[in-house]
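Reading through the C-alpha cells given below for one structure.
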Amino acid sequence: MLTKLEAARKSFQNEVKAATILNDVEQIKIKYLGRKGIVADFMKLIPALPGEQRATFGHQINNFKNEVAEVLEDCTRKLSLVSAPQVKKELFDITLPGKQIHSGRKHPLTQTIEEIKEVFARLGFDVAYGPEVELEYYNFDALNIPADHPSRTDFDTFYIKNDVLLRSQTSTVQIRIMEKQKPPVRIIAPGRVYRPDTVDARHSFMFHQVEGLLVDEGVSFADLKGVLSQFIKTYFGQDIRMRLRPSFFPFTEPSAEVDISCSICGGKGCGVCSYSGWVEILGAGMVDPNVFKAVHYDAEKYTGFAFGMGVERVTMLKYGIDDIRLFYENNMRFLSQF
Ligand code: PHE
C-alpha cells in the first residue's frame, strides 16, 4: 500500500514539474484531488485494511492530500504571476537592444531650397511666395510676353479656364511683389511650377524654381554677375566656374543664360554636359523697362536684375542624379542618402 502511495507521489511531482500553464495545474488537481481522483481512490481502500494499519495509512493519505493541495496552490500562484500583463512588463529585459526609431529627414529638394534661401539671405534677399494657380496676366502679360508667344499655348501651359492657369514660371512673383512694394526690392521666390511636358528622365509636369529679383537705383549687369557667382561658388564649390551666354527672355533685356563648369566631370566633358564641359543652370537678365511700366516703376530712375533657376536641376548637378523622377517617387533608398 505504502509503495503505491510513494509511486503516486513520484508521478505527481513529475507532473507538477512539467506544468507550464494554469490549465496544466487544473488538470493535475482534478486527477489527484477530484471526486474520482487518485486520493479518493486511496481513501476507499481504508475500510478493507486491518485495524492497526487503517490509522497509519489514513494519516499517510491525508499528508499526501495536503501536500498535493499545497504544491498545486504554489504552482498556480507562480504561473498566474507570469501571465499577468503588468508582470510581463516588469520582466522586460533592459539589456536587450532597443527598437530602432527611424527619424525623418528633409526631402533633398527642400534641403536645396533652404540652402539657396540661406545664401541669398546673407546677400540681403527676402523670401517671397506667390500662388500656383495664377492669372494669365501675371504669368504672361505683365512679363511682356506677347499674345502670340508659343509658351502661351496649351502645349506649354496648363489652363484651368480662360485666363486662369497653373503658373509655368516663378517670374509671376516679381510682378506681384513690385505691385505691392516700392523699390528697393530684393527677393527670392521659391515654388512649384507646372508645364505639360511628357515625363522622362529630365522632364516633369511639375518642378521647382527659385526666382530672384533686385531693383534699386544704379543696379548693373555687374551686380547680377557678382550675386550669381557668389551663389554658384557657395552652392557648388569654390572651384566651379561660371559663364554667361547671350540669350533672350521677353521680361529681361539684355538676357543671359548662365552655365557652370560641369560639376560631374569637372569640365573635361561627359554625358551630363554633352561633352562640352558646361551645363546651363539658370536664366537671367536686366529687368525689361516694359515690366517696370506694368508695375508703375520709373524705368528712368530704377534698374534691376532678375534670374530664375530650376531647383531639381541644380540638385541633380550637385549630387550627380541622372533621373528627375527619383525626386517624386518616395523611394526611401534614394531619399535616405540625403
Ligand atoms: N522664368 C524663366 C524660365 O522659367 C527664367 C528667368 C527668370 C529668366 C528671370 C530671366 C529672368 O525659364
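The values are calculated or read from the model by the stated rules, or taken from the named source; none is laboratory data. Bear in mind that the values here come from a model prediction, so they are computed numbers and not experimental data. In this analysis, Cβ positions are derived from the backbone assuming ideal geometry, glycine residues included, and neighbour counts consider all displayed protein chains. Ligands, DNA and RNA are stripped out before the accessible areas are found, and what is left, the full protein with its side chains, is counted by its heavy atoms. Shrake-Rupley method; radii C 1.70, N 1.55, O 1.52, S 1.80 Å.
If Lys301 passes every condition in (1) over 28 Å from the mean Cα position of the chain (by Cα); (2) more than 16 Å from the ligand (Cβ to nearest atom); (3) part of a helix (DSSP H, G or I) but one, which one does it miss?
Here Lys301 clears every test but (3).
Per-residue answers, yes or no, for (1) more than 17 Å from Gly320 (Cα to Cα); (2) part of a strand (DSSP E or B); (3) charged (D, E, K, R):
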| residue | (1), (2), (3) |
| --- | --- |
| Lys225 | yes, no, yes |
| Ser229 | yes, no, no |
| Arg245 | yes, yes, yes |
| Phe248 | yes, yes, no |
| Glu253 | yes, yes, yes |
| Val272 | no, no, no |
| Ser276 | no, no, no |
| Leu282 | yes, yes, no |
| Phe305 | yes, yes, no |
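Pick out the one residue from Val279, Val314, Val291 that is among the β-branched types (Val, Ile, Thr), over 22 Å from Leu109 (Cβ atoms) and within 16 Å of the ligand (Cβ to nearest atom). Step through it out loud before you land on a result.
Working: Val279 fails: over 22 Å from Leu109 (Cβ atoms); Val314 fails: over 22 Å from Leu109 (Cβ atoms).
After applying the criteria, what remains is Val291.
Each row is one residue, and each column tells you yes or no for (1) modelled with pLDDT under 95; (2) under 23 Å from Gly212 (Cβ atoms); (3) open to solvent by 100 Å² or more (accessible area, probe 1.4 Å).
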{"site": "Ala84", "(1), (2), (3)": "yes, no, no"}
{"site": "Ile94", "(1), (2), (3)": "yes, no, yes"}
{"site": "Glu132", "(1), (2), (3)": "no, yes, no"}
{"site": "Asp141", "(1), (2), (3)": "no, yes, no"}
{"site": "Arg167", "(1), (2), (3)": "no, yes, no"}
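Conditions (1) open to solvent by less than 60 Å² (accessible area, probe 1.4 Å); (2) assigned by TED's automatic domain parsing to the domain that holds Phe231; (3) more than 30 Å from Gln337 (Cβ to Cβ), marked per residue:
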| position | (1), (2), (3) |
| --- | --- |
| Val16 | yes, no, yes |
| Gly37 | yes, no, yes |
| Lys44 | no, no, yes |
| Asn62 | no, no, yes |
| Asn66 | no, no, yes |
| Val71 | yes, no, yes |
| Cys75 | yes, no, yes |
| Ile101 | no, no, no |
| Ile113 | yes, yes, no |
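Quick one: count up the residues across segment 149-171 that are under 12 Å from Asn139 (Cβ atoms) and not hydroxyl-bearing (Ser, Thr, Tyr).
Residues flagged as under 12 Å from Asn139 (Cβ atoms) and not hydroxyl-bearing (Ser, Thr, Tyr) within segment 149-171 amount to 11.
Scan segment 147-166 and give yes if some residue there is more than 13 Å from the ligand (Cβ to nearest atom), under 18 Å from Phe305 (Cα atoms) and of a type outside the set (Asp, Glu), otherwise no.
Applying the first criterion (more than 13 Å from the ligand (Cβ to nearest atom)) to segment 147-166 yields 147-148, 150, 152-155, 158-166.
From what's left, under 18 Å from Phe305 (Cα atoms): none.
Checked against the condition, which is being more than 13 Å from the ligand (Cβ to nearest atom), under 18 Å from Phe305 (Cα atoms) and of a type outside the set (Asp, Glu), segment 147-166 yields no hits at all.
Among what's in segment 255-270 and is assigned to a loop (DSSP other than H, G, I, E, B) and among the small types (Gly, Ala, Ser), pick the residue that is nearest to the ligand (Cβ to nearest atom). Talk me through it step by step, then tell me what you get.
Here is the first cut: in segment 255-270, the ones assigned to a loop (DSSP other than H, G, I, E, B) are 262-270.
With the extra rule that they be among the small types (Gly, Ala, Ser), the set shrinks to 263, 266-267, 269.
Values: Ser263: 20, Gly266: 27, Gly267: 24, Gly269: 26 Å.
Within segment 255-270, the match that is nearest to the ligand (Cβ to nearest atom) is Ser263.
Answer yes or no as to whether Leu224 is within 13 Å of the ligand (Cβ to nearest atom) and either open to solvent by less than 50 Å² (accessible area, probe 1.4 Å) or within 20 Å of Val173 (Cα to Cα) (or both). Walk me through it before giving the result.
Numbers: within 13 Å of the ligand (Cβ to nearest atom): yes; either open to solvent by less than 50 Å² (accessible area, probe 1.4 Å) or within 20 Å of Val173 (Cα to Cα) (or both): yes.
Judged against the criteria, Leu224 is a match.
In this structure, does Ile28 turn out to be open to solvent by 20 Å² or more (accessible area, probe 1.4 Å), of a type in the set (A, V, I, L, M) and either in a helix (DSSP H, G or I) or in the same structural domain as Leu81 (by TED's automatic domain parsing) (or both)?
no
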